[in-house]
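Written out below as structure tokens is the structure these notes cover.
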Amino acid sequence: MGDQSPEEISDQQILQAFQSEDKKALQYLYHKYLHVIYGVCLKYLHSKEEAQDATSDLFEKFNDINIPEGINNLKSWIYVVSKNHCLMQLRKKKEKTISLSPHIVMEYEVEMHPIDKELKAQAEIDILLLCIKALKNEQKSCVELFYLSKFCYQDIVDKTGFELKKVKSYIQNGKRNLKICIESKGQ
């Protein structure tokens, strides 16, 4: 291997160099597969800087790991290792984004004390009832019958004497007004 250029070195020779712990093994791998590794990283990370960092990380990784015996296709193995490394980077990046998201803070409600949960639920119910009372009479009666009494449209028509189109409109507008009211009271 001493008088061969890096491009002329076979995968088998590179594998043998790694297995015999030849100090030039990483150099051979670098010269032959740098473009493959960088290309995979760029494909998955979509950023030149991140791809360069990932490529450097991978070469450090190749320096520290033993290439498993029985590798028949070094290029395929390098591709898979590079791809997995990039996917892990993306997962870590996503986890950081998720952990900083305000929605996640809301999801950790599980850790609330049961008394706090009851108080919060009661406060939400109180706001809802207050907002229902604030609706116009037609909207209020249709919303109460539809959502609280579980009446269908036709039953509401029969009970109130409103036309079907009016019932649907009152429910839709009442629901929108409830949402607006609840959001204003919840702040």
So, in the range 145-169, how many residues would count as being under 38 Å from the mean Cα position of the chain (by Cα), in a helix (DSSP H, G or I) and of a type outside the set (S, T, N, Q)?
4
Go through (1) in contact (Cβ under 8 Å) with a residue 60 or more places away in the chain; (2) surrounded by 15 or more Cβ atoms within 10 Å (Cβ to Cβ) and name the single condition Lys75 misses.
(2)
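Residue-by-condition table, conditions (1) modelled with pLDDT of 85 or more; (2) touching a His at 6+ places or on another chain (Cβ under 7 Å); (3) more than 20 Å from Lys23 (Cα to Cα):
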residue	(1), (2), (3)
Asn66	no, no, no
Asn72	no, no, yes
Tyr79	yes, no, yes
Arg91	yes, no, yes
Lys94	no, no, yes
Options Glu49, Glu21; residue that is more than 31 Å from the chain's Cα centre (by Cα), exposed (fewer than 15 other Cβ atoms within 10 Å of the Cβ) and over 10 Å from Cys86 (Cβ atoms):
Glu21
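The values are calculated or read from the model by the stated rules, or taken from the named source; none is laboratory data. Just so you know, these numbers come straight off a predicted model, no measurement behind them. Every residue, glycine as well, gets a Cβ built from its backbone with ideal geometry; the counts of neighbours run over all protein chains shown.
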